[in-house]
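Right, one structure below, let's go through it.
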Amino acid sequence: MADCLFCKIANHEVPASIVYEDDSVVAFNDINTEATTHILVIQRQNIATLNDIKPCHDQIVGEVVRRAAAIAAERKISAGGYRVVFNTNREAGQSVFHIHLHLIGGRSLGWPPG
Ligand SMILES: [Zn+2]
């Protein structure tokens, strides 16, 4: 999608603080950082929401989740704990319609989230 912010970030058309990328996955610091660690992990492929996930996406979803865990390990927040969130559609706070995983950690997190 030509007008998708996260596609543009993945294609280096919009600057972002990229912390990891390979042929299928890109991770970058969230602009609205509230936690010590708040990183977004996306697949390069544009899939709008979790509602659009099909069996053919199982591998890429797995890669996104596994990359989040790897970044948490690099940041040394694995043992203390971190949270992974996929907001889906507007009432959940999704503002960019390209599936993205929020990796949040490095501080105590309340439960349940708001
Ligand atoms: Zn996109």
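Here are some notes:
- DSSP beta bridges fully contained in the chain are about 100 percent antiparallel.
- Segment 12-80, relative contact order in percent, only Cα pairs under 8 angstrom and at least six apart counted: 21
- Coupling constants for segment 42-50 follow from the phi torsions by the Karplus curve (6.51 cos²θ - 1.76 cosθ + 1.60, θ = phi - 60°), and in residue order they are 10, 8, 5, 5, 7, 10, 5, 9, 4 Hz; glycine and proline get x.
- Counting only protein heavy atoms and a 1.4 Å probe, the chain has 59 square angstrom of accessible area per residue.
- Principal axis extents of the C-alpha atoms in the chain (largest first, rounded to whole Å): 37, 29, 27.
- Rounded Å value of the spacing that divides the Cα centres of segment 75-113 and segment 1-62: 13
- Lone cysteines, the chain (no partner Cβ under 4.7 Å): C56
- For the chain, the longest principal axis of the alpha carbon atoms and the long axis of helix 58-74 meet at an angle near 40°.
- Solvent-accessible surface of protein heavy atoms, probed at 1.4 angstrom with all chains present, puts E74, E21, E63, E91 in the order E91, E74, E21, E63, largest first.
- Highest-MSF residue in the chain out of A73, A16, A27 [GNM, Cα springs under 10 Å]: A73
- Heavy-atom accessible surface of the chain: percent carbon and sulfur, 1.4 Å: 51
The values are calculated or read from the model by the stated rules, or taken from the named source; none is laboratory data. Source: prediction; values computed, not measured. We place every Cβ from the backbone using ideal geometry, glycine too, and count neighbours over all the protein chains shown. These accessible areas exclude ligands, DNA and RNA; they are computed on the full protein's heavy atoms, side chains included. Shrake-Rupley method; radii C 1.70, N 1.55, O 1.52, S 1.80 Å.
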